[in-house]
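Following: one structure in structure tokens, then a few remarks.
The values are calculated or read from the model by the stated rules, or taken from the named source; none is laboratory data. All of these numbers come straight from a predicted model, not from anything done at the bench. Cβ coordinates were reconstructed from backbone atoms using ideal geometry, including for glycine residues, and neighbour counts include every protein chain displayed. Ligands, DNA and RNA are excluded from the accessible area calculation, which covers all protein heavy atoms including side chains. Shrake-Rupley method; radii C 1.70, N 1.55, O 1.52, S 1.80 Å.
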Amino acid sequence: MSDENAPVFLDRLDIYMDMDQPLSHYYINSSHNTYLSGRQFGGKSSVEMYRQTLLAGCRCVELDCWDGKGEDEEPIITHGMAMCTDILFKDVIYALRDTAFVTSDYPVILSFENHCCKSQQYKLAKYCDEILGDLLLKEPIPDYPLEPGAVLPPPSLLKRKILIKNKRLKPEVEKKELELFLQGEFVIEDEVKEDASAVDVTKIAELEAPAAAAAAAAAVVPVAAAAASQDGGEEAPPVQYTGSTTNVHPWLSSMVNYAQPVKFQSFDYADKKNVHHNMSSFAETTGMNLLKSQAIEFVNYNKRQMSRIYPKGTRADSSNYMPQVFWNAGCQMVSLNFQTSDLPMQLNQGKFEYNGNCGYLLKPDFMRRADRSFDPFADAPVDGVIAASCAVQVIAGQFLSDKKVGTYVEVDMYGLPSDTVRKEFRTRMVPANGLNPVYNEEPFLFRKVVLPDLAVLRFGVYDENGKLLGQRILPLDGLQGGYRHISLRTEANFPMSLPMLFCNIELKIYVPDGFEDFMDALSDPRAFMGAAKERSDNMKAMGIEETGKKDKEEAARKEEQRVTEPPLVFDPITVDSLRQEKGFQKTAKKQQKELDAVKKKHAKERAGVQKQQNAAIERLVKGKSKEEIKADPAVRKLIQEQNAQWTEMAERHKKEEWELLKQQLADQQDILRKLMETTQAAQMKQLEAKHEREIKELNSRQAKISVETSKEVANDKTLKTKGEKDRRLREKKQNNIKRFMDEKKTATIKQNREKEKLKVTHDKQLEELANDVQKVSLSPGSVGLVGGVREIVTIETVLIEMYKVDEEEYKLASKYEFFA
């Protein structure tokens, strides 16, 4: 087939990514127990596995180093205590030298699991130094020091370099011991050597009883993983022997730089230390537990430091775990058993086929930047990333099998949990035709792909017995749309010359429900308007009047009015309106009665005093002439006494009336304030009740929409499988929830504004009441007649201070004398 018909953009098969980012910003093609060619227990070790793995594009290989036996005591590589055969460490280093940079020039990481004594560690260092020579990175690059906060160097600066991942001594210890070693004074004390050929009997029983092992895995694996983590995380958890040695030879220690394994304590501790060249290894179970509990923290950790994931020890058959979930978290070295060509390995090889098969893939932007947050389990779209929609129609196949067998095709997608679709889309079985079956299926629709950068499509072709005939992994971010011939690969991901699928692939931007017309109008305005006009003309020709824009707007307005109650309009609360309140009228009448009673009492007392004084004067002046009265000192004295008595009485009456008026004024002020506060509280309660009704109506409408959505999805004939319906329903519910949240947020903002506006009005009314009470419009005691009811008009509008002023003026005024 022509290159123009390739299913992916051809530039993606060359190195097209930015290779100048720190190492921690890349996915690295990684292998676990690279030396094994078969099972983990009782398997065969082979040097050839290192050659094949490196030629396949792997950039991180594992070397389990043990003390060799015999006269030469050459260090060996084997799976310790698992009855596996061994190979010489030296032979592996020669193989690494010859094949490390055939497929890719980018750096290779040697992950040492070191169980050797110091004397044989010396040989490890010697072989690495002599055989690898300049290929080995022995010292850190000057611009990228091994200091806290210093970022890792980029792959572009480490081309054709081999890095060693092994425990390292403390700097001060390494410096001292290295000086002694270089001076020939380094003494190796007697050590307890580990025996790689020793067999763990309990482990044999466990692996021979897979059912029991599977039942115990949930309890055993996390504990064992924690122990392995404390030893640097270098060994598969259930293997019951000591981890990598911490008693490292200084020469080997000095060769370790940008890949220093450390005990993992916590993400917070790692963030506090901020040492980028420190890394940790996790068994798949431990890594999954961390993902479940601290997914965002795990992603942030991988922005700064490297992490390595390896299969759990109970995978005796060398099966693999699904790597996608750890790629979603940004883990760089997701190590797999390369000798097993299962689905996880196919995904790994298909993914790393991009970028020139160099073994390094740049992670998405939001998984590299410190200012971005990403939850790998979230269903919501990622900020700055446009969700995609993908439709795949499998039309036919060519040369799928040389046998006359039935065939069918499965199309799956792997990515984020919300994007992963497995075992749902499958063509019909075409019987007895492996040469050119025609499927011509309806398109398989992956309606919403939240994160296309991490998603991959898998095409699997099977015969009628379920045997895999061919497969192909295609990352979504480089997929080409249109009619494409997709050449297939073997189970081990080797190209097949003839077998291929003919498919139609359609890639679009994901458009939420209700925005399809809007998107069409933006994509091609002329075609959209032409189609709308043609539709309108056709409907008119059939005598159907299309609902106009104004009608739609009117319907939308009526719906809005139905959902939202009209705004409440409250009558303003004024002093006059408060005076009409029953409580105030009752108080006013009572105060008027009290004032009338005091005045009546005072008038009675004045009449009595006046009568008494007149009688006393009449007795004293009886029978006397005017001249005698004027000259009589007794008359003058009596008049002065009566004047003082009258003045004292008038002053006392005035004071009593003032005190009563002041008390009544204060009482009326309190009553008016309480009446206003009560009225305002009633208005606020009315408003809150209206808001509650609106929220209740909104919830009811939203619940109705949810039920209608469920019915709509259930009755949608285009959704053929339960998985499709579940995804469609989940998508619609997510859209509904987002819309519901926006509606509630808008309603809450509107209600808060209404409350705030009413509160401001109430505060202003209270202020006006206080100001009104302090105004003087009429003299105290003025009385009016309203509706036949006597009412004090201005008692509540007279200042208490005014009475005090009147009182002071009365005291200062000259006193009048009264003469009979």
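Here is how the numbers come out for the structure above:
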{"item": "Portion, in percent, of the accessible area of the range 388-509 that falls on carbon or sulfur, probe 1.4 Å", "result": "51 percent"}
{"item": "For L469, distant residues with modelled amide H under 5 Å away", "result": "V461, Y462, D463"}
{"item": "Within straight-line cross-link reach of K630, lysines at Cα separation under 16 Å, skipping those fewer than 8 residues along the same chain", "result": "K622"}
{"item": "Mean accessible surface per residue for the range 386-496, computed with a 1.4 Å probe while every protein chain stays in place, in Å²", "result": "39 Å²"}
{"item": "Accessible area per residue in Å² at 1.4 Å probe, computed on the range 248-317", "result": "33 Å²"}
{"item": "Using θ = phi - 60° and Karplus 6.51 cos²θ - 1.76 cosθ + 1.60, couplings along the range 401-415 (whole Hz; Gly, Pro as x)", "result": "7, 8, 10, 8, 10, x, 9, 8, 10, 10, 10, 10, 10, 10, x"}
{"item": "Value of relative contact order over the range 388-509, rounded to a whole percent, pairs C-alpha under 8 Å and six or more apart", "result": "34 percent"}
{"item": "Order by protection proxy (mean Cβ within 10 Å, highest first), peptides 662-672, 740-750", "result": "662-672, 740-750"}
{"item": "Greater than 18 Å apart at Cα, pairs in K170/K273; K586/K655; K118/K167; K165/K351", "result": "K586/K655; K165/K351"}
{"item": "Too-long pairs where the Cα-Cα distance tops 23 Å, listed order kept, from K123/K159; K175/K303; K44/K467; K126/K176; K582/K755", "result": "K123/K159; K175/K303; K44/K467; K582/K755"}
{"item": "Amide H contacts under 5 Å for L63, placed H, 5+ residues apart", "result": "S111, F112, E113"}
{"item": "Gap separating the Cα centres of the range 585-647 and the range 45-98, nearest whole Å", "result": "132 Å"}
{"item": "Anchor K717: lysines whose Cα lies under 17 Å away (excluding residues fewer than 8 positions away in-chain)", "result": "K725, K732"}
